[in-house]
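**Student:** One structure, as structure tokens, below. Some questions next.
The values are calculated or read from the model by the stated rules, or taken from the named source; none is laboratory data. Everything numeric in this text was worked out from a predicted model, so none of it was measured. Side chains included, ligands, DNA and RNA excluded: accessible areas come from the protein's heavy atoms. Shrake-Rupley method; radii C 1.70, N 1.55, O 1.52, S 1.80 Å.
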Amino acid sequence: RVSGGLEDICRREDILFLESLNKQARWLFQEQALGLPELYSRLAVRFRHFLIDEFQDTSSLQWENLFMIIEEIISTGGSLFYVGDRKQAIYRFRAGEASLIETVKKRFAGFDLKEEVLNKNYRSRQEIVGFNNIIFSRENLKRFIAQKQQADNNDFDLFTCASEVFKFSDQIFRQDRPGGFVKVLPLSDKTRQERDEHLREEIFNLIKDLRERGFLFKDIALLARKNEQLEVLSAWLIEQGIPVESEKTLNIKHNFLIKQLVSLLKFL
């Protein structure tokens, strides 16, 4: 009922959500066959070169909508340039398909293909690049997956799949960016409360150490898997008088002054 009501509102107000755009385009192109040869021909004349960044975030539906146009362009002397990282597709952002990077390469195998691997890291320092190279090395992946599958009693050949995705993960660091530091601390405490106490103590010790080394609070960032975890971390820091900026604290709706103002307006 909610979905039907939303569709009625969209039709009445002439609204089209972004997630529906590709489905509508596919329906028009395939089901209605709106003069496809002429449509593709005109687009191919107007657009001669396609550049698609973050290609791992492209869904199969999005690609199928573009394929015939791009095929027409390439066949008449145009070009397709796409850049992507299959490792990032694990997040399935916008229904992205990691396999599309190889699929596209195979579908255009008859054309002049050029493939280049960008293996130089321009962002991170030497120690961080080296740490990631060890973590995602073929030997370490094989060891980790073997332990995981033995624990789960799973016979699926996950290693072959993972090694294909991570085969270009080894990177070279910039010679002018030495240094960096990585430290791994296992949280082996049994209970949730013990783990939290251990984590809290380690975080405060780390921040204290960084401050003594001359780093400002604005130079320090904490990352977590989930938003609720960040909320817990923020609460710990605020309790210690450490200034915190996060998506939630920067959101005007969560500002305590705005909350007080809204509460007062309710009584007016």
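**Student:** Could you put Trp236, Trp63 in order of accessible surface area, largest first, with the 1.4 Å probe and the full protein assembly present?
**Tutor:** Numbers: Trp236 35, Trp63 0 Å².
Result of the area sort, largest leading: Trp236, Trp63.
**Student:** If you don't mind, another one. In the full protein assembly as shown, how much of Thr160 is accessible to a 1.4 Å probe, in Å² to the nearest 10?
**Tutor:** 80 Å²
**Student:** Report the full-extension gain for the segment Ile220 to Phe81: residue separation times 0.36 nm, less the Cα-Cα distance, to one decimal in nm. Intermediate results must be reported in sequence, preceding the final value.
**Tutor:** Working: separation 139, 0.36 × 139 = 50.04 nm, distance 3.69 nm.
So the extension gain works out to 46.3 nm.
**Student:** Largest first, how would Cys10, Cys161 line up by accessible area (1.4 Å probe)?
**Tutor:** Working: Cys10 20, Cys161 70 Å².
Largest accessible area first, the list is Cys161, Cys10.
**Student:** Ok, one more. Is there a pair in Lys120/Lys167; Lys167/Lys190; Lys120/Lys142 whose C-alpha atoms are over 26 Å apart, and which pairs would that be? Mind showing how you got there, number by number?
**Tutor:** On the way: Lys120/Lys167 15 Å; Lys167/Lys190 36 Å; Lys120/Lys142 24 Å.
Pairs exceeding 26 Å: Lys167/Lys190.
**Student:** Among Lys148, Lys190, Lys87, what's the order by accessible area (1.4 angstrom probe), most exposed first?
**Tutor:** Details: Lys148 100, Lys190 180, Lys87 55 Å².
Ranked list, largest accessible area first: Lys190, Lys148, Lys87.
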